[in-house]
Each structure stands twice: as structure tokens, then as C-alpha cells.
Amino acid sequence: MEVVTLSPRGYCRGVVDAVKEMQKIAKDPSIPRPVHVLGLVVHNEKIVRDFEDLGLKTLNDEGKTRLELLDEIDGGTVVFTAHGVADAVYEKAEKKGLSIIDTTCKDVKKSQNAVKRHLEEGYDVLFVGKPDHPESETVKSYGDGVHVIESEEDIEALDIGNGRIALTNQTTMSLYDIYHLGERARARFPHLKIIDEICDATRSRQEAVKNQPAVDHCFVVGDRRSNNSKKLVETARKARIPASLVESVEDLSVEHLKELGKVSVTSGASTPSQLTKEVVRFLENFDTADPATHETKSLVRKHNLFR
């Protein structure tokens, strides 16, 4: 089978930094125990499980905010994930006497600071994102001037008397994703200001998918909870390229592969390279007529994911 590997793919800078920091924490006996991670360090279940095996306990409940999750920590160390936390979370952790390690992505911090700056300048800010995403949770904490939206219906329902309105988005999306919402928002608010996207990782990956050569199918390697991975699938389909999300080689269908001649492979910003490489190797070796190449069992071992 002919395989086209798209670039860039895999870990973005923020995830690399967060994973390296978590490795250091696991190995450093001077860090107060127990160590709790507030939310998913990255949206990849396999990585989360591996870190838990190293003694780093993850606290994640989609029904609770990070502020509420802090109530479950009585001592030791709390790790803030790459997605960032609200100021109130930081203050509460300090009051509880917890040791704090902040792995917030630099690009996420820049984005959040941009929202704060525009609020201080008198703007209302439309923030395109998933209401339950940690980035949305953080910016909502900045005040009533932040309006989280994810659909045209949300825009139509807005009741804002302010003449100064800006629009931005969570970093797992790009302006390419939200173009239609931006146009709808501008129709309602003609003086709308677009806050330039600060994180380039999402945009560059989507552009690679959008501009890829003709293939029969595009495989995106990523966790099903990873928003940027799911967006890559959507980007391919919008470009009229059949696409699907696979978490590992075990999600590949041999019967489906028998119908394909040329495929492409990319991966989300939180996908371990070992998983993507295994998918690429499997597809390159796949021979419709040779059953020996049809075994879809993953051989990636624990903790290899950190490489």
C-alpha cells in the first residue's frame, strides 16, 4: 500500500513541554507526595494511564470544574495541565497549602492573556470553543464579558449592548475551523475585531491535511477525546477526502484496507509518535494477498509513549 505521511503531525510544543515536566515529576523524590494532576495532562487516554502507573494520579470529572476538583486534594502536589486554569483555581490551591506545578502551554497563556487584555480595554469577547473544555472554563472565569459560543444559534442568542466586541477561539481550533462563525458574528456585529490566532500548531496541521495530494483515505491517529484530532478528520472531509480517527493500529479494519490503494496518515497534537509510527509501518507493509500482514495488534509498550 502506498502511504503518504503528512507533516507536521504529532506532539505540539505545549504537549512536549507538559510530558517532559510530568516525567521529571515522576522521578523527583523531593516533590511532595501524593501528586495529583488536575484534569487530563493531555487528551490521550494511553498517556494518562501510563503516568498513573508512575504514581501521578489524575483527577478528571466532566461534571466538575477544576475549582471543585481541588476539594478532593488534601495535601501534596497539584499539577495544572497544559490547558491552563482560572486564577481562582491557583488561589485556592495556594490557600490549601498545596505545592503547585503549572504546565500551562505558553501559547494557551498568550491566548488567555489576550482575552484578559481585551476585557480590560472594554471589549466583550466571543470565545469559540466547547463549553466544557478546560480553556473555555478558564476564560469564562474572567467575567460576564466573555461569551462562549460554538454555533450560529449561540451567536443569534447573544444580547450585547457593547459596541466593542472581539472574537477568538480555543487553541485546539483554528480560524479555518471558525470562519463561518466569524462571518455570522460580523454580520451581527459589524465592528467585530478578530483576535489573531496565537497557536500555529492546529492551523499548520489542518493546512497539511487540506492541501494533501489525492488519496483514497486519510487516517488521523488520535484519542477520541482530542478535539484537535477530531478537527483534522473534519478538515479532511470538508476537502472531500474520506477520513477516520484511529487511536492505534488496533482500530484499523483489514476489510476496509483491502479497498484502498493510496492512503495518508497524520496525527493530533497530543498523539504519541510511537502510535503513529506503528500505524504507518503497518499500512506500508499491508498486502491484501498476504494474511501475515493483517495482524492489527499493537506492540507499543508502556512508557514508550513518552519518547
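Data overview
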| item | result |
| --- | --- |
| Selection status of His191, assigned to a helix (DSSP H, G or I), out of contact with any helix residue (DSSP H, G or I) (no Cβ under 6 Å at 6 or more places or on another chain) and not hydroxyl-bearing (Ser, Thr, Tyr) | no |
| Residues that are under 18 Å from Phe219 (Cα atoms), surrounded by 14 or more Cβ atoms within 10 Å (Cβ to Cβ) and modelled with pLDDT under 95, drawn from segment 278-307 | Ser298 |
| Verdict on Lys116 being outside the structural domain of Glu72 (by TED's automatic domain parsing), closer than 25 Å to Ala208 by Cα and surrounded by 15 or more Cβ atoms within 10 Å (Cβ to Cβ) | no |
| Within segment 152-185, considering residues that are assigned to a helix (DSSP H, G or I) and of a type in the set (Asp, Glu), the one farthest from Lys238 (Cα to Cα) | Glu156 |
| Of the criteria (1) hydroxyl-bearing (Ser, Thr, Tyr); (2) farther than 24 Å from Gly39 by Cβ; (3) touching a helix residue (DSSP H, G or I) at 6+ places or on another chain (Cβ under 7 Å), which one Tyr179 fails | (3) |
| Residues satisfying the stated conditions in segment 134-151, i.e. outside any helix (DSSP H, G or I) and of a type in the set (S, T, N, Q) | Ser141, Ser151 |
| Criterion (over 24 Å from Gly222 (Cα atoms) and among the hydroxyl-bearing types (Ser, Thr, Tyr)) met by exactly one of Thr103, Thr58, Thr65, Thr81 | Thr65 |
| Scope segment 217-232; condition surrounded by 16 or more Cβ atoms within 10 Å (Cβ to Cβ) and farther than 14 Å from Ala269 by Cβ; matching residues | His217, Cys218, Phe219 |
| Residue in segment 30-40 that is loosely packed, with under 14 Cβ neighbours inside 10 Å and polar (S, T, N, Q) present | yes |
| Residue count for segment 120-131, restricted to those that are of a type outside the set (Asp, Glu) and crowded, with 18+ Cβ neighbours inside 10 Å | 6 |
| Every residue from segment 50-86 that is farther than 26 Å from Cys12 by Cβ and surrounded by 16 or more Cβ atoms within 10 Å (Cβ to Cβ) | Leu67, Leu70, Ile73 |
| Top-ranked residue of segment 249-275 - restricted to ones that are at pLDDT below 95 and crowded, with 22+ Cβ neighbours inside 10 Å, ranked as farthest from Arg13 (Cα to Cα) | Leu275 |
| Residue in segment 176-183 that is surrounded by fewer than 15 Cβ atoms within 10 Å (Cβ to Cβ) and either in contact (Cβ under 8 Å) with a residue 40 or more places away in the chain or within 21 Å of Val139 (Cα to Cα) (or both) present | yes |
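The values are calculated or read from the model by the stated rules, or taken from the named source; none is laboratory data. Keep in mind that what you see is a predicted model, and the values were worked out from it rather than measured. Neighbour counts run over all protein chains shown; Cβ positions are idealised from the backbone, glycine included.
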